[in-house]
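Below is one structure; the comments refer to it alone.
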C-alpha cells in the first residue's frame, strides 16, 4: 500500500501529467491515519493493501489513450490549442442557384445510427497481426535478395541470368567442317610446294605443318607463391642506418641465434646418457639370476588351476541344463515388459524436459556457431599465412639464409669503406627455393672410386 501511494505521489508531482478525473479525496486518504498491520505475513499482503489509487491512475492513462490517442502531456501545443481570430469574412455573394441544386445539396448521405454505434471510437491503434505478416522462408528469401543486390552492385551477373542471356543470344550457326581422315582416298590433294595458299585456320593444315600450339594448362598461369621476386632488406641493413632500426635488426638476428641454440641444446639433451642407467655388477647379476628360483612355484600353480576350471565348467553345464518353469517364464516376461515401459516413460519425460531447455539449447547452439566461425577465420588466416611460406617439394627441408647483419662497431660511414657481404648468386638461389620454383638441394658429394697410386720420380730418388 505504501508503495502504491508513493507511486501515486511521484506521478502526481510530475509537471507534465494532466489528470482527466478529479481526485478530491486524494488528500483525505493521504492525511488519514493508517492502520498498523504486520506485512511480514503473506495473508496480509492483499488484505491490507490499497491499490485503488494505482488503478485509477492506470484507468486515466487508458482513457487518455482511447480519447486523444496518447497522453495529453506528450501532445504538442498545436493539437491542444488554437488561435481564435474571430469569425471568417463572408465570401462575396454569388449568383442565386436554382432550387433543384439546393435540394440536391441538402440531401447529403449520412451514416445510419446503428453504423455509428458499431463504429470503432477508440484512437488506440489495433494490435499488429503477426500471423498476417509472416511468410514461409522469409529469412532465406531476404538473404538471397541481399546477396543478389550486393553482386549487382559489384557488377557480377548470377549464373541463372548468364544462362538466360546465352539462350537468348544463341544463333544457330552452320556446323563446323569435320576434318577428314588421312586414309580417305577421296580427300583433296594438297601440294605443300605449290603456290596456292592454305587458310591458316584449318586444323589439319596446322597439325601437318607443326604450327598447332599445345593447349597451355591453366595451372601454369598461377604463381606458386605470393612472395616478391626480390625482397627488400630491412632499413637497419643499410650502410648508414638509423640507430633504432639498426637495433631492431640486431634484436631480430639475436632471436634467430637464440632459437638455433635452443634446438642444439635440445638435441644434446636427447642424446645425453644418464649415469643411473649404466649397468653395474649387481644389476648384471640380478638379470642373470632372474627367473631361476621361482620356476618351481609357477609350475605348481599351473597344475592346480586347470582342475578348478574343470569343476567350474561342469557346474555351469549342470545349471544350464535345468529347464525353467512356466511361472519363471511369466515372471521374466512381466519383468521385461515392465522394464520396457519404464524406459519408454523415461524417454518421454526426457523429451518433455527438453521443451523447458530450449533457451539453453539455443544459447549452446549459438556458442557452437561462434566457435566454428572463429575456427574458420583462424583456418583462413592460417591458409593465407601458409601461402607466403615455402612448401615441402623434396626430401630436404628449406633452410633460410643467414641474416647479413653488421654490429655497431662494424658499421661504415660511407660506401667506400663498406665491406661486401654475402653472394648475389646464393641469394637468388635461396629466393627460387623460397618461392617454390625449385626444391631445396645440397651440394653433390663426389666420391673417389680409384685409389691414389704414389710413384717415386727419378729426380726424387736421386736426391734420397
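Observations
- Computed extension gain for residue 288 through residue 48, at 0.36 nm per residue and net of the alpha carbon distance, reaches 76.6 nm.
- Using a Förster distance of 41 Å, the FRET efficiency for residue 272-residue 234 (Cβ separation, nearest 0.05): 0.60
- Taking 129, 402 and counting other C-beta atoms within 10 Å, the order from fewest to most: 129, 402
- Multiplying the residue separation of residue 363 and residue 417 by 0.36 nm and removing their Cα-Cα distance gives an extension gain of 12.5 nm.
- Cα centroid separation, region 218-238 to region 379-432: 12 Å.
- Put the Cα centre of region 356-378 next to the Cα centre of region 110-139 and the gap is 40 Å.
- Shape category assigned to region 350-464 from the gyration tensor of Cα positions, a/c cut at 1.5: prolate
- Cα gyration tensor shape of region 333-391, rounded if a/c is under 1.5, else prolate or oblate by comparing a/b with b/c: oblate
Every number here is computed from the coordinates shown, using simple stated rules; none is lab data. From a predicted model like this one, the values you see are computed outputs, not experimental measurements. Counting neighbours? That spans all protein chains shown, and the Cβs are built from the backbone with ideal geometry, glycine included.
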